[in-house]
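Asks: Dumping the structure here so I can ask a few things about it.
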Amino acid sequence: MNVKCTIAFPEICRLEKVGDLKKIIKDLEILDYATEGKAMGKLDGKVYFSPNTVPGDIVDLRLVKKRSSFSEGRVIKYHRFSEKRIDPFCKHFELCGGCQWQSVSYSEQLVFKENQVGETLRRIGGLEKVKVEPIVGSPLDKEYRNKMEFSFSNSRWLTQEEIESGERFDRNALGFHIPGRYDKVLDLNECHLQDLNSNRIRNRIRSFARNSELPFYDIHKHEGFWRIMMLRNNSQGEWLLHFQFGYQDEGTISDLAELIKTEFPEITSACYSINQKKNDSIYDLEIKPLIGDPFIFETLGTLKFKIGPKAFFQTNLEQTKNLYQKVLEYAQFKGDELVWDLYSGVGSISLSVAGLVRKVIGIETVEMAVENARENAEINGITNAEFISGDVKDLLANREGILEENPSIVILDPPREGLHKDVCQALIDLKVEKIIYVSCKVSTQARDIKLLSESYEVQRIQPVDMFPHTHHVECVVSLELKG
Ligand SMILES: C[S@@+](CC[C@H](N)C(=O)[O-])C[C@H]1O[C@@H](n2cnc3c(N)ncnc32)[C@H](O)[C@@H]1O
């Protein structure tokens, strides 16, 4: 079994000098899974969390965090490997930080995620009698993502073995940031979460970038040309690439376009933005075309969606069908409803329910996604869906125009941060018959449900695994107005 010792983990290296945190916890038996890809054990009545452990492992931990109710550590020695462990399939497992659970079988991950949903809703949401329905596993557990984003960096992370080998390594890297080290990037050679063509494209573009002699991004100085590359693919095998460059360089950009055209005919769309800000957000950047149009189409059931580089679209397409099916099942539309789809992205939920209701109104903050949503309605011949751009909180605080009429059902699908407390209050005041809350972070969902429970009662809870091998889990909850 290929279980690596994690002593070379970066947080440890930085915390070596912190006096009390040098403390070693010996012979800790790992008892259960915990949140965020960690597992936990107990010793002398104290609780210890650690990543890279599995229930059944016996380990020595070096503490990196100490609180009154728990401590956190990193493994410095495995005394026993759990029988639950399996060999991870990716050579970057553990260091990359993207997948935390490749070391256990997919069926084991599902059991744990289902339990975690119930436990979180109980602990944070205060739901005493939660009955969680059996989790819906992902139809694909590899190559399930349709979007990946990789960072260029002039500060490649070197493993302990690489440092000890004495070899000189090119410090330019393209891959993922090392967990806990925003300034170090793992030079990725393989990733199994997206169609494997993604590896071929990324690795070829990295070698082109290295040969270009233009600098990879320096996150300390905020300078450099090569910054971010996003790859999106659709079920027809077409690809959309978006690059963030630090500045304009006509020659290199047109050579890159030429390389893509000649070597990757499947890349039907490529575009870029010049980003001179300190953050990587593309929402306020201009999209400049490189090859084809700056969008790609995807089909979801009978619907066709246009997706631009700035738009959110569910990353696990096959599982999205199951997720939306649950939304429809929980909503039980009768046909005369006015539905609000809050946090509507490119309108995928709105358009999926439009044929079953009187009218649907989507609210979304990203202007380009709203434009895509309106176009998506038109492409699909849907005339009873309208989309408004803006912050849900502001629009609900100041209801005007088409928002004046009270909806009978509200569908929520916010980002990981969940709902602003003012949005919860607006929903409480609204006294809508039914709320369907879709969330990709159960802890914030549970927090919001606790507030909403002033007026609403939880009816059903359905975990859906959109992200195999990671600690993330999606959850659909239906709430009804209290009688
Ligand atoms: C998890 S996605 C859901 C998208 C869509 N429902 C779907 O299934 O594809 C969350 C969406 O909320 C949008 N968003 C984030 N904060 C927002 C806010 N304060 N007001 C409105 N939309 C917001 C994001 O741009 C993103 O499109």
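The values are calculated or read from the model by the stated rules, or taken from the named source; none is laboratory data. From a predicted model like this one, the values you see are computed outputs, not experimental measurements. Note: ideal-geometry Cβ built from the backbone for every residue, glycine included; neighbour counts use all protein chains shown. Each accessible area value is taken on the protein alone, full model and side chains, heavy atoms only, with ligands, DNA and RNA left out. Shrake-Rupley method; radii C 1.70, N 1.55, O 1.52, S 1.80 Å.
Asks: Go through (1) farther than 17 Å from PHE312 by Cα; (2) within 15 Å of the ligand (Cβ to nearest atom); (3) of a type in the set (Lys, Arg) and name the single condition LYS359 misses.
Replies: For LYS359, the failing item is (2).
Asks: For the stretch 146-178, which positions are in contact with a helix residue (DSSP H, G or I) (Cβ under 9 Å, 6 or more places away or on another chain) and open to solvent by 60 Å² or more (accessible area, probe 1.4 Å)?
Replies: ASP170
Asks: Further question on the same structure: Could you grab the pairs with beta carbons closer than 6 Å, sequence gap of 6+ or different chains, first residue in the stretch 401-419 and assigned by TED's automatic domain parsing to the domain that holds ILE363 and within 20 Å of LEU481 (Cα to Cα), second one within 10 Å of the ligand (Cβ to nearest atom) and outside any loop (DSSP other than H, G, I, E, B)?
Replies: Final answer for the pair search is ILE411/ASP341; ILE411/ILE349; LEU412/LEU342; ASP413/VAL438.
Asks: Out of the stretch 207-217, which residues are in contact (Cβ under 8 Å) with a residue 40 or more places away in the chain and assigned to a helix (DSSP H, G or I)?
Replies: Once the filter is applied, which keeps residues that are in contact (Cβ under 8 Å) with a residue 40 or more places away in the chain and assigned to a helix (DSSP H, G or I), the stretch 207-217 yields PHE208, ALA209, ARG210, SER212.
Asks: A further question on this structure: Residues of the stretch 401-438 being charged (D, E, K, R) and more than 16 Å from the ligand (Cβ to nearest atom), which ones?
Replies: Residues satisfying the conditions are GLU404, GLU405, ASP429, LYS431, GLU433, LYS434.
Asks: Determine, yes or no, whether ASN384 is closer than 29 Å to THR299 by Cβ, within 12 Å of the ligand (Cβ to nearest atom) and among the polar types (S, T, N, Q).
Replies: In short, no.
Asks: Also: Find the residue count for the stretch 350-360, including only residues that are within 15 Å of VAL476 (Cβ to Cβ) and open to solvent by less than 10 Å² (accessible area, probe 1.4 Å).
Replies: 1
Asks: Please state which one of ILE260, ILE274, ILE307, ILE282 is in the same structural domain as ARG204 (by TED's automatic domain parsing), in contact with an Asp or Glu (Cβ under 9 Å, 6 or more places away or on another chain) and of a type in the set (A, V, I, L, M).
Replies: None of the others qualify; the one that does is ILE274.
Every residue, every condition in (1) among the aromatic types (Phe, Trp, Tyr); (2) in a loop (DSSP other than H, G, I, E, B); (3) at pLDDT below 90, yes or no:
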site	(1), (2), (3)
CYS5	no, yes, yes
LYS17	no, yes, yes
GLU36	no, yes, yes
ALA39	no, no, no
LEU63	no, no, no
TYR78	yes, no, no
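Asks: Regarding the stretch 189-196, can at least one residue be identified that is free of Cβ contacts under 8 Å to residues at least 40 places away in the same chain, buried (at least 17 other Cβ atoms within 10 Å of the Cβ) and of a type outside the set (Val, Ile, Thr)? Show your work before the answer.
Replies: Residues of the stretch 189-196 that are free of Cβ contacts under 8 Å to residues at least 40 places away in the same chain, as a first pass: none.
No, because not a single residue in the stretch 189-196 is free of Cβ contacts under 8 Å to residues at least 40 places away in the same chain, buried (at least 17 other Cβ atoms within 10 Å of the Cβ) and of a type outside the set (Val, Ile, Thr).
Asks: State which residue is nearest to GLU286 (Cα to Cα) when the search covers only the stretch 297-349 and only residues that are within 13 Å of the ligand (Cβ to nearest atom) and acidic (Asp, Glu).
Replies: GLU298
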